[in-house]
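Worksheet: one structure, shown below.
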Amino acid sequence: MPGTNLTRDEAAARAALLDVSSYDIVLDLTTGPETFASTTTLQFSCREPGAETFADLVDATISSITLNGREIDPSSAYADSRIALTDLQADNTLVVVADCRYTNTGEGLHRFVDPADGRVYLYSQFEVPDARRVFTTFEQPDLKSRFTFTVTAPEHWKVVSNAPTPTPEPIGEQKAVWRFPQTKPMSTYITAIIAGEYHEVLDTYEGKHGTIPLGHYCRQSVKQHLDREEVVKITKQCFEFFEEKFDFPYPFEKYDQLYVPEYNMGAMENAGAVTLRDEYLPRSRQPRSFFEFRCSVISHEMAHMWFGNLVTMRWWDDLWLNESFAEWACYYAEAEATDFDDAWTGFTNARKQTGYRADQLPSTHPIAADNVDLHAVEVNFDMITYAKGAAVLKQLVAWVGLEPFLAGLQQYFKDHAYSNSEFVDLLDALEKASGRELKSWAEEWLQTAGVNTLRPEFQLAEDGTYASFGVRQTAHPDWPTLRRHRLGIGLYDEVDGHLVRREYHEVDVEGELTEIDDLVGVSQPDLLLLNDHDHAYAKIRLDERSLATAIAGLSRLDDSLARALVWGATWDMTRDAEMSTSDFVDLALANIGSETDAWGITRVPANAQLAVNLYSAPSKREALRLRWEEGLRDLMLDAEPGSDQQLTFATRYAGAATSEGAINDLVSLLSEEWVIDGLAIDQDMRWILINALCRAGRFGEAEIAEELERDHTISGQEQAAAARVAQPLAEAKEAGWNAICDPATPNETSREMVFSMMRAGQEDLLAPYAEKFLAAGETLMDTLGFHKASVVLEYGFPKTLASPELIARLDQWLAESPAPKGAKRFVGEARDEMARALNAQERDAK
C-alpha cells in the first residue's frame, strides 16, 4: 500500500490525465481543540473520460464524498490516505466533507496554546506533501490551480492566507467568516492558513511596479520583541533589489511575514504569506551572526516568490531550482542591498561549511537528485540542496558573468510565469544569455555527487622560488568526478606585522594536475591560499609553511574572506585527520579573539568545542578540555565589553565548563555575584548557565522549577525540559528519552531535549542509549512523523561513544534492520561521523 508516499511515476500519470481549474476550501476552526471541519470542492478536467485516479487526504474522518453529483461511500473509497475516483468525466466536480486533525508536529495545521497567556495560534506548514492534512488535494507541484479559502474562526482572531485578507463577517456566537478572494495559480504546497490571536502590524512598499501591502504578525506575548523597523527595512531593501535584478514585478497581491511558534524549519515561502520561526524575534541579546542569518532567511523566502512560486519545478527532482537559486539569491541580495555587505564571508565561514559536511557523508547525492518518490524528497531536502547548490551557482556566476546570468534568469521568469518548468528549461535560458555551453557543466556539477580536494603541489629552487607549481585535484573513490574550477590563488607575505597579499592569480583548474606556469620563478610566500576570493566549491589544503603561518598568527591576515578560507581549510584538515585537534584548538585560541566576521566569531568556537569533545585523543582529552575551558575564560575577560566576542565566549565557556573553578564561575555569574562589564545575564543567558550547571550536577529540579517561575513562556518550558535531560542522572536520561519518543511531546520541546541529552562527558550514562536508539529507529518515522523523527535520528545518537565495536554494531544494524530508508540514512551518517572521529583521535595522539 502506498500510504502517504507518492511516486514520481504516479504523479506524472496523474498530471497527464488531469487539469485542475480551482479549489474551493471551507474551513471551520471553531469545532474544538482536536479537529477542524474541512470541505473541499475541486473542479478539474480529465483528458480520458472514463479513466480513474485518486485524490489525497491524510488522517481525516470523511463524512461524505460526492463526484459529479454521485455519492461515493467513504468506507470503500477512502483508504491509505487516498480517495479513489472512478468513471471520470471530461469536466468533474469533487466535494469532500471531512474533519481533519490539528497537529503538534509542525506539519499540516499546527495548533499552539501559549502558556504565557492562554491564547491560541494556528499555522499551516505544507512542504513537501502536507496540504493534504488540511484539505483534499491532488498533492503534487505540477498540478497548479487557483484557490479560494473561506474560514470560520473566533471573531477576535486574525486570519491570513495567500490572497489579501477580507473584512470578516460576524455570524453570531462570537464567530466570523473570512471569505478570501481567489489566488493566482500556485501549487498546493505553497498555500497557507494562519489564524489566531496574532499581533498585526501593517505597512506598504512603494516600488517601481506599484504598491505592495506588507504585514508582520507574531504572538501577543512576544510583540515587544518585534523589531518592526529593522524587518520592514530589510523587506523593502530586498523587494527593490529583486524587482530590479529579476526584471519581473512581484507576482502576488500582498506580502505578509508571520512569526510562528514551534516551527520545524527556518521559514516557508507560502505565496504572499511567509511563515518564520518566532525565535527570529529574540527576547535576549544575540550576536550579529544571528541577525545576519535572519536577514538571509527573509531574503531567501522573498526570492522564492520568483524561484519556486512564480515558476515551480515540475517534480521534486528539480527541488534545487527552488532552493539552490533562492539560497544564492539571498546572499547576493544581502551583500548588495542590506547592511550585511560582508554576507559572502559569512557564507564561507558557516553556510558553505554545512554543504561540505553533507557532501562528505555517505548520504551525499547530486544537487539535482533522483527523487523517485516523496520519501526520497524528504531525505534529500538537505544542505546539498541549499548550501552546496548556492556555492556551485556562485561559481557558475563567476564563470559566465553576472549580467548574462541575470539575463538568463529574467527570460526564464517571463517564459514560465505561473507554470512549471524543468531543469533543461533554465539551462536553455542561461545558455542563450551567456553564449556558453552549459550541459557539460551541469553534468559534472549538478548531476554528480561529492566534493573535490585541491592542494598545491610544488618544488622549490635553492633561492626559495617555485621551480614548479601545480594544483592537484582528487575525489572520493565513491564519487570520482574531477571537475572544472575557476580558482583564485593568493600569495601572502608578512609585512610589518600583517599578512599582505603580494600577488593574485586566477586560473582554470581541470583534471588531476593543472600546471601553473605563471608561478614558476615566484618566491614562496608565507601563506599560499588556494581558492582566494572563494569562487570554487572545493576543499582546499594548506602546505606545511602556510599552515605554520596560520597557526602562528592567522589574525595578522586582515582580509576577512581570506581568513574564512583558512578557518575552513584547517577545520576540514582536522576533520580529515590531516591536522591534529590540539593544533586546531591552538589556532582557535590564539586567533579567534581578533576575528571580526560575525559568523567566524560564532562558528569557529563551536567547531573547536566539537573537536575537543569528539576528535581529541582520549589520553589527551581531559587536559585539552581544561586548556579550552581556561582559554575561553581568558577570551571572555579580554573581549571588549558588550561585544559579540564577549557574548560568544561566555556562552561557549558555559558549555565547556567542567572544572570546579569554572562551575563556581557559572554560579557566580547566575547570581550576579560576579559581574563582567558588558555581559548581560538576561533570560536566555540564565538558561544557558542553568543548563550547564544541571549538566555538571550542581543544579537540579528545584533550581529548574524556580527558574520556570521567572519564565512562564514556551521558551522557558522548552529550556527547562532541556535542562532536566542534561542532568548526569540515569532517571533524567530515561525520562527525557521517553518524552523524546512520545508523539504527544511538541516538536520544539522534543528538539531542545534531543540537543541537550547526548552530552560529552556523560558516556557512562549514555551507553545504554545506543541500543535504545537503534530499536526506536525502526519505528520513529511512523510514530513521530518525518520532521520530528528526523531531528531525533540526526541528533539523538550518542556519538561520543565512538569505538570500533560500536561501528561494527551499526554496520550489523544497517545490514539487517527493517528500518525505513530515512532512518538508515541517519544511522549511516552517525557511523560515518564516528569513524571520522576515531581517525582524528588517532591523528591527535601522535
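Compute the orientation-averaged projected area for segment 200-259 from the convex hull of its Cα atoms and round it to one decimal in nm². Could the numbers behind the result be given before it?
Details: hull surface 15.9 nm².
Seen from a random direction, the Cα hull of segment 200-259 projects 4.0 nm² on average.
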Translational diffusion coefficient of segment 134-214 at 10 °C, 1.306 mPa s, Stokes-Einstein with Kirkwood Rh over Cα pairs, in µm²/s as a whole number. 110 µm²/s
Karplus 3J(HN,Hα) series, Hz, for segment 326-338 with 6.51 cos²θ - 1.76 cosθ + 1.60 (x for Gly, Pro): 5, 5, 4, 5, 5, 6, 4, 5, 4, 6, 9, 10, 10
Going by alpha carbons, how many degrees (0 to 90, nearest 10) lie between the helix axis of 804-816 and the longest principal axis of the chain? 30 degrees
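If I take every Cα pair under 8 Å that is 6 or more residues apart in segment 183-261, average their sequence separation and divide by the length, what percent do I get for the relative contact order?
Numbers: 74 pairs, mean separation 26.5, N = 79.
Reported as a whole number, the value is 34 percent.
With the radius of gyration and the Kirkwood radius both derived from the Cα set of segment 637-699, what is their ratio Rg to Rh?
Working: Rg = 10.8 Å, Rh = 11.6 Å.
Rg divided by Rh gives 0.93.
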Determine Rg/Rh for segment 63-191; Rg is computed over alpha-carbon atoms and Rh is the Kirkwood hydrodynamic estimate from the same atoms. 0.99
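Quick check on the chain: helices-only [θ] at 222 nm, where DSSP H runs of length 4 and up contribute -39,500 (n - 2.57) each and the sum goes over total residues. Nearest 500, please.
Numbers: 30 runs with 350 residues, N = 846.
The helix contribution divided over the chain gives -12500 deg cm²/dmol.
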For the chain, take the longest principal axis of its alpha carbons; what is the angle in degrees between that and the long axis of helix 598-610, to the nearest 10 within 0 to 90? 80 degrees
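From largest to smallest, what semi-axes in whole angstrom does segment 121-169 give when each is the square root of 5 times an eigenvalue of its alpha carbon gyration tensor? Can you show the working numbers first?
Numbers: eigenvalues 110, 34, 16 Å².
In descending order the semi-axes read 23, 13, 9 Å.
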Angle check, please: helix 288-303 long axis (alpha carbons) against the longest principal axis of the chain (alpha carbons), in degrees 0 to 90, nearest 10. 40 degrees
Assuming a viscosity of 1.002 mPa s and a temperature of 20 °C, what translational diffusion coefficient in µm² per second does Stokes-Einstein assign to segment 160-277, Rh being the Kirkwood radius over Cα pairs? 139 µm²/s
Pull up all non-local amide H partners of TYR123: gap of 5 or more, or a different chain, and H-to-H distance under 5 Å with H placed in the peptide plane. HIS110, ALA195
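Mind giving me the FRET efficiency for ARG627 and THR31? R0 is 56 Å, r the Cβ-Cβ distance, nearest 0.05 is fine. Kindly include the intermediate steps, with their values, before the conclusion.
Working: r = 61 Å, r/R0 = 1.08.
In this case the efficiency is close to 0.40.
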Positive-pole candidate from HIS535, LEU487, ALA588, dipole of segment 470-627, charges at beta carbon: ALA588
Counting only residues 5 or more places away or on other chains, whose amide H sits under 5 Å from the amide H of ASP256 once H atoms are built in the peptide plane? GLY215, ALA273, VAL274
So the label point goes 7 Å from the Cα of TYR795 along Cα→C-beta, right? Which residues of segment 758-778 then have their backbone N under 13 Å from it? 758-759
Hey, if you put +1 on the Cβ of every Lys and Arg and -1 on every Asp and Glu Cβ in the chain, which of ALA726, GLY118, GLY655 ends up farthest toward the positive end of that dipole? GLY118
Just the accessible area for TRP306, please: 1.4 Å probe, Å², rounded to the nearest 10? 0 Å²
Could you check the simple spin-label distance between ASP203 and THR779, using points 7 Å along Cα→Cβ, in nm with one decimal? 5.0 nm
What distance in nm separates the two pseudo spin-label positions at ASP832 and PHE755, each 7 Å out from Cα along the beta-carbon direction? 2.3 nm
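Leaving out ligands and nucleic acids, note down the accessible area per residue over segment 122-187 with a 1.4 angstrom probe, in whole Å². Provide the component values of the computation, followed by the final result.
Values: 2080 Å² over 66 residues.
Accessible area per residue, segment 122-187: 32 Å².
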Segment 438-494 - Kirkwood radius from inverse mean 1/r over Cα pairs (Å): 13.8 Å
How large is ³J(HN,Hα) for each residue in segment 470-475, as worked out from phi by the Karplus curve 6.51 cos²θ - 1.76 cosθ + 1.60 (θ = phi - 60°), to whole Hz, x for Gly and Pro? x, 10, 8, 10, 10, 9
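Just the ratio, please: alpha-carbon radius of gyration of segment 273-339 over 2.2 N^0.38 Å, N its number of residues.
Details: Rg = 13.4 Å, N = 67, 2.2 N^0.38 = 10.9 Å.
The value comes to 1.24.
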With θ set to phi - 60° and the Karplus curve 6.51 cos²θ - 1.76 cosθ + 1.60, what are the ³J(HN,Hα) couplings of segment 373-390 in order, to the nearest whole Hz, using x for Gly and Pro? 7, 5, 4, 5, 4, 4, 7, 9, 8, 9, 6, 5, 5, 8, 6, 5, x, 5
Can you figure out the FRET efficiency of ASN68 with GLU842, using R₀ = 56 Å and their beta-carbon distance, to the nearest 0.05? 0.20
Correct semi-axes for segment 468-600, from √(5λ) of the alpha-carbon gyration tensor and rounded to whole Å with the largest first, are 24, 19, 13
Computed label-point distance, nm, for sites SER75 and ASP634 using a 7 Å Cα→Cβ extension: 7.8 nm
Using only alpha carbon pairs under 8 Å that are at least six residues apart, calculate the relative contact order of segment 718-820 and give it in whole percent. 28 percent
How high is the FRET efficiency from HIS225 to ALA590, r the C-beta distance, R0 30 Å, rounded to 0.05? 0.20
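Translational diffusion coefficient, Stokes-Einstein: compute it for the chain using the Kirkwood radius over C-alpha pairs as Rh, at 20 °C and 1.002 mPa s, and state it as an integer in µm² s⁻¹. Each step should come with its number before you reach the end.
Details: Rh = 28.5 Å.
Diffusion coefficient, whole number: 75 µm²/s.
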Which value in Å does the Kirkwood hydrodynamic radius of segment 626-762 take, with 1/r averaged over all unlike C-alpha pairs and then inverted? 15.3 Å
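Over segment 658-764, what is the relative contact order in whole percent, taking alpha-carbon pairs under 8 Å and six or more residues apart?
Values: 101 pairs, mean separation 23.4, N = 107.
Contact order relative to length: 22 percent.
The values are calculated or read from the model by the stated rules, or taken from the named source; none is laboratory data. All values reported here derive from a predicted model rather than from experimental measurement. Neighbour counts run over all protein chains shown; Cβ positions are idealised from the backbone, glycine included. Heads up: the accessible areas ignore ligands, DNA and RNA and are worked out on the full protein's heavy atoms, side chains in. Shrake-Rupley method; radii C 1.70, N 1.55, O 1.52, S 1.80 Å.
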